[in-house]
Amino acid sequence: MTKLSALLLAGAVTLAGQGAHAEDAACTTVKLADPGWTDIAVTNGVASFLLDSLGYQAKVDTLSVPIIYGGLRDAQVDAFLGNWMPAQQSYHDKFVASGQVQQLAKNLEGTEFTLAVPSYVYDGGVKSFADLQKYADKFDRKLYGIGSGAPANQSIQKMIGGNEFGLGDWKLVESGEQAMLAEVGRSVKRQRWIVFLGWTPHPMNVKYDMKYLAGGDRYFGATGSVYTLTRNGYAQQCPNSARLLANLSFDLPMENAVMAQVLEKNVANAEAVKAWIKANPQALGKWLDGVKTRDGGDALSAVQARL
């Protein structure tokens, strides 16, 4: 957390302690953003359930990453729980480091986000980025990414544009997360060679026997963290809901478990989130520390009533 973040959060905590009446009426609706990623759907689902239980109205809009950052800058988005670092380093430098967007808290650590291959490809000789070009024909010179505008796609395009690892004549195939994973599934079924964007937390790590490639730290880092961002001034204007968002932290097993329910068992995201919270009530103590309902009541009682 930056020094400015800490000061703003400290101010928010002080105000929150004075009661929810300190908040502006505009704080009733909390505008969250989702790039269409399953993990962010989970964390937004937790935030939405808690906010709604406390008397707020959570509004989640699906937007591309560049639009999300612009929305935070222009106060059209209140909070984004999906600032993956270092994958989004360029956006951090442009919007957060410059002071246009506020970093509120770290909500997850130990993430991995880089190119991956099925284990049979790894065993076949592709263990690093540098190995890809040796087997270009087997891959049909295609790298499968996620939605257009995603920072990870931009990193791949930089590699192609700079002929890094000899990938200058390869093509980036952009599609949504689910479309990319459907292609992975088809390839695995037929034992075809494919290289794609992989990350954890995500059930793909359980569903597929897959390996992450070495050598891409310059573009994707080693392991990373995910941060919660807000528009400037949000913690001061909306101290109670900002305190809740700052308290929200998750771990890899939790996110993997909820995502598995959604993707593998076709459980609605909101229901999977609610079921996890009901089965793990100990998480509420940390999440609701110092938080009140919108009208100043007891937060834990309000959430328990919704469960």
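The values are calculated or read from the model by the stated rules, or taken from the named source; none is laboratory data. Note that this is a predicted model, so its numbers are computed, not measured. All Cβ positions, glycine included, derive from the backbone under ideal geometry; neighbour counts span all protein chains shown.
A few remarks follow.
- Any hit, region 254-264, residues being β-branched (V, I, T), outside the structural domain of V188 (by TED's automatic domain parsing) and assigned to a loop (DSSP other than H, G, I, E, B): no
Results for (1) without any contact (Cβ under 8 Å) to a residue 40 or more places away in the chain; (2) assigned by TED's automatic domain parsing to the domain that holds K286; (3) surrounded by fewer than 21 Cβ atoms within 10 Å (Cβ to Cβ); (4) on the phi > 0 side of the Ramachandran plot, shown as yes or no for each residue.
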site	(1), (2), (3), (4)
G36	no, yes, yes, yes
I40	no, yes, no, no
D52	no, yes, yes, no
Y56	no, yes, no, no
L63	yes, yes, yes, no
I68	yes, yes, no, no
W84	no, yes, no, no
Q88	no, yes, no, no
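- Of the residues making up region 273-307, those that are under 28 Å from Q237 (Cα atoms) and of a type in the set (S, T, N, Q) number 3.
- Residue among V188, V206 that alone is of a type outside the set (D, E, K, R), part of a helix (DSSP H, G or I), at pLDDT 95 or above and at negative phi: V188
- Whichever residue in region 55-75 is out of contact with any Asp or Glu (no Cβ under 9 Å at 6 or more places or on another chain) and in a loop (DSSP other than H, G, I, E, B) and, among such residues, is farthest from R218 (Cα to Cα): Y56
- Of the residues making up region 196-215, none is over 22 Å from the mean Cα position of the chain (by Cα) and without any contact (Cβ under 8 Å) to a residue 12 or more places away in the chain.
- The set of residues from region 164-185 being on the phi < 0 side of the Ramachandran plot and of a type in the set (F, W, Y) comprises just one member, W170.
- Residue within region 160-181 that is over 27 Å from G82 (Cα atoms), outside the structural domain of L63 (by TED's automatic domain parsing) and hydroxyl-bearing (S, T, Y) present: no
- Total residues in region 273-307, condition under 19 Å from A41 (Cα atoms) and at pLDDT below 95: 0
- Subset of region 248-268 that is surrounded by 19 or more Cβ atoms within 10 Å (Cβ to Cβ) and at pLDDT 95 or above - its residue that is farthest from A25 (Cα to Cα): F250
- Checklist (1) part of a strand (DSSP E or B); (2) assigned by TED's automatic domain parsing to the domain that holds P35 applied to G99, failing item: (1)
- Subset of region 97-109 [out of contact with any helix residue (DSSP H, G or I) (no Cβ under 6 Å at 6 or more places or on another chain) and of a type outside the set (D, E)]: A97, S98, G99, Q102, K106, N107, L108
- Screening region 116-140 for residues that are of a type outside the set (K, R) and in a loop (DSSP other than H, G, I, E, B) and picking the one that is surrounded by the fewest Cβ atoms within 10 Å (Cβ to Cβ) gives G125.
- No other residue among S225, S241 is polar (S, T, N, Q) and in a helix (DSSP H, G or I) apart from S241.
- The single condition among (1) surrounded by fewer than 21 Cβ atoms within 10 Å (Cβ to Cβ); (2) closer than 24 Å to A41 by Cα that R231 does not meet is (1).
- Region 279-300: number of residues that are part of a loop (DSSP other than H, G, I, E, B), in contact with a Lys or Arg (Cβ under 7 Å, 6 or more places away or on another chain) and closer than 13 Å to L50 by Cβ: 1
- Yes/no for L104 being at pLDDT 95 or above, assigned by TED's automatic domain parsing to the domain that holds L229, in a strand (DSSP E or B) and of a type outside the set (F, W, Y): yes
- Applying the condition of being assigned to a loop (DSSP other than H, G, I, E, B) and crowded, with 18+ Cβ neighbours inside 10 Å to region 141-173 and asking which residue is nearest to the chain's Cα centre (by Cα) yields A150.
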